[in-house]
Each structure stands twice: as C-alpha cells, then as structure tokens.
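Report on the following structure.
The values are calculated or read from the model by the stated rules, or taken from the named source; none is laboratory data. Treat the numbers as computed from the prediction; the structure is a model and nothing was measured. Here the Cβ positions follow ideal geometry from the backbone for every residue, glycine too, while neighbour counts run over all protein chains shown. Each accessible area value is taken on the protein alone, full model and side chains, heavy atoms only, with ligands, DNA and RNA left out. Shrake-Rupley method; radii C 1.70, N 1.55, O 1.52, S 1.80 Å.
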There are 2 protein chains.
Amino acid sequence: MKSFDTVAIVGVGLIGGSIGLGMRERGLAREVIGIGRTQKNLRTARRLGAVTHTTVDLAKGVAEADLVLVCTPVGRVVEDIKSVAKNCPPRTLISDVGSTKRAIVEAMDQISLPGECRFLGAHPMAGRETVGAIGSDPNLFEGKVVVLTPTPKTQADDFDLLEQLWSQLGAVVVQMDAAEHDRAVALTSHLPHAVAVALAASVPEEWFRMVGTGMLDTSRLAAGGPEIWKDIFLDNSENVLMAMDRFGRHLTRLVAAIRGGDEADLVALLSEAREIREAFGNRSPDGNKEK
Amino acid sequence: MKSFDTVAIVGVGLIGGSIGLGMRERGLAREVIGIGRTQKNLRTARRLGAVTHTTVDLAKGVAEADLVLVCTPVGRVVEDIKSVAKNCPPRTLISDVGSTKRAIVEAMDQISLPGECRFLGAHPMAGRETVGAIGSDPNLFEGKVVVLTPTPKTQADDFDLLEQLWSQLGAVVVQMDAAEHDRAVALTSHLPHAVAVALAASVPEEWFRMVGTGMLDTSRLAAGGPEIWKDIFLDNSENVLMAMDRFGRHLTRLVAAIRGGDEADLVALLSEAREIREAFGNRSPDGNKEK
C-alpha cells in the first residue's frame, strides 16, 4: 500500500473533501493540505478531518506536496494546474477530478509544466447535491467508476500510482481516451442532468404538492450547482448537444406512439427502456446494491 | 378509529398488498380477502400476511365484503368495479387506486351500480419498481399523497370513510376533481416516467459501465411495468402529450443556451430549475426526509 507524506488538495468541496477524508481514514497520507478560497469552508474541512492543514495561499499550500489533486470546477482546472506546477516541488504528480476531460487533457498535452511536473487526468464518477466540504464522505468512491485519461506522454509509474490511490479509496478504475470519456459522460452523466433540469422546470407551482417519489428521483440532479454545470455543459457542448438530440429522438418516438394510440409500439418502447434500465445494474441511489 | 369486518382487495400487487398489510398491522380489518388471477401471487400475499383469505373467484371473494378496493391496472378498473357491484352485498362502498381518474370516474358517474353500491375514486401516489404482492410494505403510504376524487353524486359518509382509512395508513389525503387530477399527474408523475424511458433508451450498451448514480436515479422509473404504463399513457394521452410538449420547450431552451454558449442564460435556466427542485421538498427516494 502506497502512502503519501503530503497531499495537497486544491478546492475542498464534496469531492476534494471526500478524497482527503478517505485517504486519512485509510492511512494513505500523513498530511493533507486543503487549499481554498474561503476560510469558512476550509475550517469545516479541518473540523471534519478531511484535511490536516488549510491555507488560502496556493503557493504555500503546494510547496511540500508529493501529490497535488486539483478539485476545482472544470473551467478553472487548467489555470490551477499551471499555478500548482510553478509552486510545488520538482517532479510532482498533479491530477484533477474534472467531469470533462478532453479540453483539460489537450491543454496539458500541449505544454511542458515547470519543474518536470506531470499531469494525469482523472474523473471520479461520484457526486451528490451537496456543496462544499460539509458533505465529505470517506466512502463516497466505494464501488464508483473513476476514469483515468492517460496520453502517450503519460509515465507508467504515474498511472500506477493514481490507479492504486483510487483503488484504495474503493473505486473501480477505468482507463480511457479523454475524447472518448467526454462522449461517454455526455450520455451517461450530462444528459441526465439536462433532462432533470428541463423536468423540474416543467412543474408549475400549483402542482408541487402532487410531486411524488418518481418526480423527486427523476429531477434530483436539478438541485446541482448552476455554475459547475454551466461550465460542464459549455466545455462539452458538442457531445452534450448530440446526446440531447439522441434523447429527443427517443422522446419523439414515445410521443408518436402515445398520439397514435399504438399499443404494440408503446409496449415495445417501454419494454426496451426497461431492459436497458435493468442492465444498468441494481445499484441504489447510494451506488450500493439495491435491497 | 373505524375498522372493517371484511375488506376485499381485487388485484393484490404492490399497492393492493401494501393496503392489506397496512390495514392488518394497524388492526383496521378483521378479514382481508385477496382476489387475483394467479395462485402463486395470492400465496405470496397470504404468506406475507397482506391478506387472510385468497380466491381467484371474484364473485365469491366480494360476497361478504363491507369495503372493496379494486387495485387492478387502470385499463381494467371499470369492468372490475361492475363485476364487484354485481356480486357484493348491497350498499357496499367500492374504491380503486388507479393512477388516472377522469375516464374511470366519468364512466362510473354515468351508470348506477346494482344493489345501490357506490364508487369513490382514489389514487395513492406511491409506487416502486417491484411487481406483485412480494414488495408489499405496510408503511408504503406513510407521508404520501392520496387523492380522492368525489363527484356531486358522492355521499359525505363515503368520503369520510375513505379519508379516515387512508389517513390511518399514514397518507396525506387531498380532494380533487378527477379531470384536474389527471392534468396534475400528467406533469408530476406521467411525465417523469416518459422522460426516464426516453433517457434509458438513449444509452448505448458500450457505455453501461459508465452509468453512475445520477443516471440511475434519473432513469429509475423506466424499470416500471410496460403494460401498466401503456394503459396510463393511453388513458391520459391528451394531458401526457401536453406535459411532454411543455417539457420539450424547456429542453429546447436548454439546447439553445448550450449551443449559443450563452453563460448568463444557462445559469439562469439551471438556477430556476434548482429553485423548483428544492421547493419540491427534501424527501428522499423513500419519501422520508433526506438526511
């Protein structure tokens, strides 16, 4: 079991906080430095034990790190990696947790980071509608997929190190090309978010009291942070628009079957969707096995 | 607390079974007769304690009932109520649990049931993706909305009786006109189902492994029974199509904001949806308060 002396986490939100807490509880890091913008959230992270030290000064925070994880919103990741590389020890490995990967990975591939620092992109596919360190959960990544996006420049040792780290946090590590990753998550992650947003927006206030468990589940993602999701949708817009178009075609087929009163076609569409949904696996909303 | 001597439940699926189990656990009925089509499911219901007696003979099953609850799919409810009224004691109250109400209530309003039996429509807004009596839960209705749809013909005593029964099962009883009910549930219940179906159908098999908690939640309803939902969509097609059209307009706005790279508009749409989703209340997928 590889353990780190000092890990720096830039952006101690739900994901950053959960990584810190998970590593500390498993003895994977001696020190975890939390770097953020607001003292309040950093205090919460420290109180929860997600980090051992905190600072709002990125340069100071990464000065001793032997691993830096940038956990800021996708729109800020590239700039944050560059700032980290200027201030951390030479040859430090830097990773991220961005929900989109192509733009970040391509930007990093085109430059050489100072001090022979290396970047390897990661995307833990875990999330919740809580904002900030307060929701940190050491087991957030248990059974979740974490995608690593190596390029021809990636060193095998770096890949192994991150693969081991995420495995120790309970995740299932999958290797993927960054562009392929973005096409996949447009369908499996960004599309359900867009759908949940449009769904919630469709309910007029007079019927809020008639909202049951079905609507609550189906629209749950709409409670996510608007700024974070604006970045994701725009960063991955081409794939997201393709995914939404694909969804729109399935919705149109459903409309046509209902309008035409076509029982056989309707049952066929419902059965097909049911089969797919069942193939997704019987995981509960917590990612655990359903009862 | 009103309790019944003999309650007959026609169709002992998740809802019928949960009513039987809930009534028996709360001492609301001495005998619960389960009437169904297959011995296997009826045996399950009896084994779970959801019913005390079972039969596949509807006439025999309702012969002694002082309350009959028809819990069959919406497409069969009207015929089942007529069969019940021909065979139950005079002046028996008959209710149902159909997810759509206008067609059923209008059909009942136009006829006089034999033996001065009365019908009063009900819709417990609770459900799960389990089929049959096996999923019966005595607390399924705790905190859930149950809509009663009286008409000018409805007797006050009948309304009070059903209101009391559902309240004793833990439900929040809401009174509504049947047509208004159908417009409301088209948006709050049938639309999320349609959306979940189109969403599940949009995911190609190669990306199943990339499905995370967000997609699982948002598509959960797609696992529902195709036959049941075919009936609901066709019975309430006009309202469902209006709801889907409304959803489509919100989706189109989202597509336009993403395509146009309009950050301000995108944040506005996401914020609006988030506000609505939060106003739905903080109930978990089980209908209980979220942690």
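Miscellaneous remarks
- Among the residues making up the stretch A:34-59, those that are in contact (Cβ under 8 Å) with a residue 24 or more places away in the chain and not β-branched (Val, Ile, Thr) are A:34, A:36, A:41, A:42, A:45, A:48, A:49, A:50, A:58, A:59.
- Take the conditions (1) touching a strand residue (DSSP E or B) at 6+ places or on another chain (Cβ under 7 Å); (2) at the interface with chain B (Cβ under 7 Å from one of its Cβ atoms); (3) open to solvent by 20 Å² or more (accessible area, probe 1.4 Å); residue A:210 misses just one of them, which is (3).
- Condition met for residue A:109 (over 27 Å from residue B:214 (Cβ atoms) and within 24 Å of the chain's Cα centre (by Cα)): yes
- Residue-level check: of (1) at pLDDT 95 or above; (2) open to solvent by less than 30 Å² (accessible area, probe 1.4 Å); (3) within 26 Å of residue B:179 (Cα to Cα), residue B:83 misses just (2).
- Qualifying position, being farther than 24 Å from residue B:184 by Cα, among the hydroxyl-bearing types (Ser, Thr, Tyr) and over 15 Å from the mean Cα position of the chain (by Cα), among B:83, B:136: B:83
- Only one of the numbered conditions (1) out of contact with any strand residue (DSSP E or B) (no Cβ under 6 Å at 6 or more places or on another chain); (2) facing chain B (nearest Cβ under 7 Å); (3) open to solvent by less than 10 Å² (accessible area, probe 1.4 Å) is violated by residue A:186, and that is (2).
- Residue satisfying condition, being facing chain B (nearest Cβ under 7 Å) and surrounded by fewer than 16 Cβ atoms within 10 Å (Cβ to Cβ), within set A:259, A:220: A:259
- Residue B:197 within 30 Å of residue A:142 (Cβ to Cβ), modelled with pLDDT of 95 or more and within 14 Å of chain A (Cβ to nearest Cβ): yes
- Residue among A:265, A:286, A:235 that is at pLDDT below 95 and more than 9 Å from chain B (Cβ to nearest Cβ): A:235
- Checked against (1) within 30 Å of residue A:178 (Cβ to Cβ); (2) without any contact (Cβ under 8 Å) to a residue 24 or more places away in the chain; (3) within 7 Å of chain A (Cβ to nearest Cβ), residue B:252 meets all criteria but (3).
- Any hit, the stretch B:125-135, residues being at pLDDT below 95 and either polar (S, T, N, Q) or in contact with a strand residue (DSSP E or B) (Cβ under 6 Å, 6 or more places away or on another chain) (or both): yes
- The stretch B:164-174, residues that are surrounded by fewer than 18 Cβ atoms within 10 Å (Cβ to Cβ) and part of a helix (DSSP H, G or I): B:164, B:167, B:168
- Checklist (1) within 30 Å of the chain's Cα centre (by Cα); (2) open to solvent by less than 30 Å² (accessible area, probe 1.4 Å) applied to residue B:234, failing item: (2)
- Conditions (1) assigned to a loop (DSSP other than H, G, I, E, B); (2) free of Cβ contacts under 8 Å to residues at least 40 places away in the same chain: number failed by residue B:130: (2)
- Only a single criterion out of (1) in a helix (DSSP H, G or I); (2) of a type in the set (A, V, I, L, M, F, W, C); (3) buried (at least 21 other Cβ atoms within 10 Å of the Cβ) is not satisfied by residue B:147, namely (1).
- Apart from one condition, residue A:202 fits all of (1) at pLDDT below 95; (2) crowded, with 24+ Cβ neighbours inside 10 Å; the exception is (1).
- In the set (1) touching a Leu at 6+ places or on another chain (Cβ under 7 Å); (2) open to solvent by 30 Å² or more (accessible area, probe 1.4 Å), the condition left unmet by residue B:114 is number (1).
- For residue A:121, the conditions (1) surrounded by fewer than 17 Cβ atoms within 10 Å (Cβ to Cβ); (2) of a type in the set (Gly, Ala, Ser); (3) part of a strand (DSSP E or B) all hold with the exception of (1).
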